[in-house]
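As structure tokens, the structure follows; a few thoughts come after it.
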Ligand code: ASP
């Protein structure tokens, strides 16, 4: 036996016991010639070792250094200098004998919570980085979430079924990673962007509740926090409607909250239509931990037809600033405002800084207008020249401001302005401490448009994926209309622009953590969908003949969802980075800097694959 206990296990109750421990040397501290303290670390914790005078000679001959693997035998003793910060802080081991099981060269960074290692270095030596307790905690949380999800799904009759990795393209909107086939020269497999078509086929086969914690591969530009391979909790159910899916998976997330975080999320998860999310928050994954909703002071008649039609019903939405003495508002396509609570006292300096913030290329606005709502009922704005106090007050009221608030106004092109206002709202929420890591607010976003318009190709693309069904009431619209867009400038007037999808996203604190849909399960409708996306019948048959064929053999009504497992873990762990929750992640250029992958392959491999490099 290498060890009788772990380094996190011993307490005052063990005092007097003889134990054997094995672990890594975290620190060595010498006191005079007679005493040496060593902190020994393993996955479970840290235990202090005390080497007395009798071992001094042996220690001098075989000095253990940082990250050496050490085995010690000794007696548990009460510590004179207790450490209240660690669970083993009441005791130490009076070492009787020790063996160096393996040596270590000096590690490139300190293996402690506050390491001196930069990102790149830590990734290059990820196996050392993983020894740090901060990362270890993240991976423990990941495992706890995994276990909780599996328990819940198992209890609810879901079956974990594996699906292949070497497949044909599954369209989830990204590029495929491809793998050349040696046995079929000139041909390639695609790695799955998700197991979408397989899980649907499993429904056709009668496995009515499927799940898999599964790797997905998407070759996309790695925006801030994406990984080319990531993990989903992928699920599918038969004989269900949207409501059944929402109920089931709301249950799963609440179960994960309870088991992993001890949070009893008892209230029903709020629901919001995509339109409302766009109106009130400027994006489709709103952070509803705080209000500060967007007031629509002026919106163009050409954008978001659904939003426009809703505007008639919503008093906060108006053509209020259609005509304005302030040219910036007057000429803008859109004018949006938010009322920031209690910030009416912001200084010139703070306002200038925020103006610079919205002017950054990532946000891309030309300026930031504001109205300060003073306690005495007067207003002060950045465009005082054009409005009297009454006028300013009217705008501030429209934005929902009360005295003491600060109103921010952005004006410009619809899409960019809405996006910018959404960012500004989030930024203000962060600055005011309204986005608390410890508060969790879930939200279902529903009723997405089924199609998006792709300007480059003048055609429709699936907003979710091509297997998503339209709302039952929109099936007629889809079947009864030709998808062709005659006048690209007026695509919003095409009936397809109004079709709603039977799709849903689960949002947690402003992050999309899951998304899915009720699927098409009849061949005719699926064919119509492929045609709507600009696929010829031959192309549809070539790419998805297997699915269309399967739909002819009694496909049941079905639907599902997939959760972004890495992201869910990061949010539950209070982090913004999914990398911290993946044992061996890739960097922003998709490289594994530890393996130095991707890399070249040798000529023999290329020959076997009948591949030649370089453009001809
Ligand atoms: N396959 C989808 C995705 O990866 C999820 C789903 O529709 O179930 O986003």
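FYI, it's all coordinate maths here, none of it is from the lab. The model shown is predicted, which means the values in this text are computed figures rather than measured ones. Every residue, glycine as well, gets a Cβ built from its backbone with ideal geometry; the counts of neighbours run over all protein chains shown.
Please compute the volume of the convex hull spanned by the alpha-carbon atoms of the chain and report it per residue in Å³.
Cα convex hull per residue, to the nearest whole number: 233 Å³.
Between residue 37 and residue 127, what FRET efficiency follows from the Cβ-Cβ distance if R0 is 22 Å, with the result rounded to 0.05?
E between residue 37 and residue 127, to the nearest 0.05, is 0.25.
What shape does segment 553-616 take by its C-alpha gyration tensor, where a ≥ b ≥ c are the square roots of the eigenvalues and a/c under 1.5 counts as rounded, a/b above b/c as prolate, and the rest as oblate?
oblate
Could you tell me what percent of the DSSP beta bridges with both partners in segment 134-271 are antiparallel, to the nearest 5?
Of the beta bridges lying entirely in segment 134-271, close to 90 percent run antiparallel.
Output the 0 to 90 degree angle, nearest 10, between the alpha-carbon long axis of helix 242-256 and the longest principal axis computed from the alpha carbons of the chain.
30 degrees
Can you figure out the FRET efficiency of residue 66 with residue 437, using R₀ = 51 Å and their beta-carbon distance, to the nearest 0.05?
For R0 = 51 Å, the calculated efficiency reads 0.95.
Could you work out how far helix 348-359 tilts from the main Cα principal axis of the chain, as a 0 to 90 degree angle to the nearest 10?
Here the helix axis deviates by roughly 80 degrees.
Assuming a ≥ b ≥ c are the square roots of the Cα gyration tensor eigenvalues, decide whether segment 84-152 counts as rounded (a/c under 1.5), prolate (otherwise, with a/b larger than b/c) or oblate.
oblate
Which of the peptides 368-374, 358-364 is most tightly packed, and how do the rest follow, going by the mean number of other Cβ atoms within 10 Å of each residue? Please report the intermediate quantities before stating the final value.
Details: 368-374: 21.1, 358-364: 12.7.
Highest to lowest by the protection proxy: 368-374, 358-364.
Given the peptides 414-422, 186-194, arrange them by the average over their residues of other C-beta atoms within 10 Å, most packed first.
Ranked from most to least packed, the peptides come out as 414-422, 186-194.
Hey, quick one: spin label on residue 611, modelled 7 Å out along Cα-Cβ, who in segment 159-186 has an amide N within reach, i.e. under 14 Å?
177-186
Mind jotting down the distance between the C-alpha centroids of segment 410-459 and segment 213-254, whole Å?
One Cα centre to the other: 20 Å.
Given the C-alpha centroids of segment 140-191 and segment 537-556, what is the distance between them in whole angstrom?
21 Å
Tilt of helix 537-550 relative to the longest C-alpha principal axis of the chain, in degrees (0 to 90, nearest 10)?
For 537-550 against the chain, the angle is about 60 degrees.
Could you give the length gained by full extension between residue 250 and residue 352, i.e. 0.36 nm per residue of separation minus their alpha carbon distance, to one decimal place?
32.4 nm
Helix-derived [θ] at 222 nm for the chain: sum -39500 (n - 2.57) over DSSP H runs of at least 4, divide by residue count, nearest 500?
Dividing the helical sum by the residues of the chain leaves -8000 deg cm²/dmol.
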